[in-house]
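**Q** Here's a structure for you.
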Amino acid sequence: MEDTTQKILYSAVQPSGNLTIGNYIGAIRNWVGLQHAFTCFYAIADMHAITVKQEPALLRRRTLELAALYIACGVDPEQCTLYVQSNVSAHAELAWVLNTITYVGEMERMTQFKDKAARHAENINMGLMDYPVLMAADILLYQAHLVPVGMDQRQHLEIARDIAIRFNNRYGETFRVPEGYILKEGAKITSLQDPLRKMSKSDENPNASVFLSDDRDTVMRKFKRAVTDSDNRIVASEDKPGVTNLLNIYAAFKGCTVAEAEKTFEGRGYGEFKLAVGETVADALAPVQAEQKRLLADKGYLAEVLKRGAEEAFRAARKTLSKVYRKVGFYRGE
Ligand code: TYM
């Protein structure tokens with residue numbers, strides 16, 4: 001088997017709200033499996049989070065909660081570099097340079113920018129538009145080979161690749177051009193109420209998203225109310241988005257394939273199916289929640305992990321940033 005441990009993998013989640021099972025299935029779950037095979041950097045993207053209004057004390061608390069959640073989900077700080085984005089100033093510094101080779105028109109065309117601008121019409125700030133450039137800086141700083149994300153981040157990844165190629169063409173080989181790592185199953189977990197839309201942290205309908213912090217009763221209630229369809233077959237197919245989504249969720253939490261999940265529920269009714277999905281999710285979340293709580297009681301440990309992570313990240317990021325500063329012609333005192 002190919003030794004991939006030298007290959008670099010980068011990903012991040014924003015501490016901008018309660019994480020959903022979509023974040024878990026599309027991102028964090030995969031990070032855990034990849035941390036032994038690759039050199040991994042996993043960040044808490046607090047600088048991205050402030051592109052929409054955040055309450056400062058809450059942002060600080062959520063940052064720590066997210067660190068605890070990563071670890072509770074199985075991200076091992078001994079196996080990877082786990083850190084807070086704003087603790088490494090190179091992200092902002094590289095983003096500034098990359099801004100100068102990114103066009104306003106490109107940013108205006110980004111789907112997520114258009115969505116968020118529509119939802120936060122009172123606060124269409126420069127950071128919101130610049131979000132993909134900061135994300136490109138995150139990835140390129142670490143010379144990442146691979147970026148495991150959900151489907152909704154594909155466009156941002158494409159632009160990160162374009163920016164890397166453009167910089168390399170203008171200034172000479174500097175950045176590795178990253179590849180996305182988007183697993184087919186689970187890359188787009190959809191809303192339980194509108195299975196054609198992505199499950200999102202910020203959905204206004206409280207029954208649309210299952211949060212990793214939901215207790216058993218809440219999880220069961222949300223799955224019981226999940227939208228399916230009028231026929232009664234439990235199979236994954238394009239014309240059955242609700243059922244397909246539930247099968248994806250079940251398979252992700254059970255650790256089986258969708259085909260195996262279909263077999264399990266052959267001949268059963270929707271009521272029983274939804275109950276089983278709810279129970280599987282609730283069973284999986286309980287130990288994660290307990291472990292997160294235990295970790296949050298040990299702030300000293302978390303602070304130490306994040307400090308060490310920031311130092312490691314800084315060492316890696318500094319190399320790329322120095323190279324970039326030299327290439328663009330910044331005076332370095334030599
Ligand atoms: P965020 O916090 O919005 O999402 C975190 C991760 O969760 C995935 N995701 C989903 N996957 C499947 N189904 C869903 N319904 C679903 N909802 C969210 C996202 O694709 C993402 O992988 N901009 C990034 C954070 C970031 C980043 C980076 C990622 C900042 N810098 C550098 C990779 C590399 C984001 O979407 O965060």
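**Q** What number of residues within the range 21-37 satisfy the criterion of being over 15 Å from Met199 (Cα atoms), within 14 Å of the ligand (Cβ to nearest atom) and not β-branched (Val, Ile, Thr)?
**A** Final tally of qualifying residues: 4.
**Q** For the subset of the range 200-216 comprising residues that are among the charged types (D, E, K, R) and part of a loop (DSSP other than H, G, I, E, B), which member is nearest to the ligand (Cβ to nearest atom)?
**A** Looking at residues that are among the charged types (D, E, K, R) and part of a loop (DSSP other than H, G, I, E, B), I get Lys201.
**Q** So which helices (runs of 4 or more DSSP H) stay within the range 79-171 end to end and still have 3 or more residues that are within 15 Å of the ligand (Cβ to nearest atom)?
**A** Of the helices (runs of 4 or more DSSP H) lying wholly inside the range 79-171, those with at least 3 residues that are within 15 Å of the ligand (Cβ to nearest atom) span 90-99, 111-119, 126-141, 154-171.
**Q** Give the residues of the range 173-199 that are surrounded by 17 or more Cβ atoms within 10 Å (Cβ to Cβ), more than 10 Å from the ligand (Cβ to nearest atom) and under 18 Å from Thr228 (Cβ atoms), sorted by residue number.
**A** Result: Leu192, Gln193, Pro195.
**Q** Now a separate question. Looking for whichever is touching a helix residue (DSSP H, G or I) at 6+ places or on another chain (Cβ under 9 Å) and buried (at least 23 other Cβ atoms within 10 Å of the Cβ) here; the options are Val52, Val75, Val147. Which one fits?
**A** Val147
**Q** Hey, among the residues in the range 228-246 that are of a type in the set (A, V, I, L, M, F, W, C) and farther than 14 Å from Lys184 by Cα, which one's surrounded by the fewest Cβ atoms within 10 Å (Cβ to Cβ)?
**A** Within the range 228-246, the match that is surrounded by the fewest Cβ atoms within 10 Å (Cβ to Cβ) is Val235.
Just so you know, all these numbers are worked out from the coordinates, no wet-lab data involved. Small disclaimer: the values here were computed from a predicted structure and weren't measured. So basically every Cβ, Gly included, is an ideal-geometry build from the backbone, and we count neighbours across all protein chains shown.
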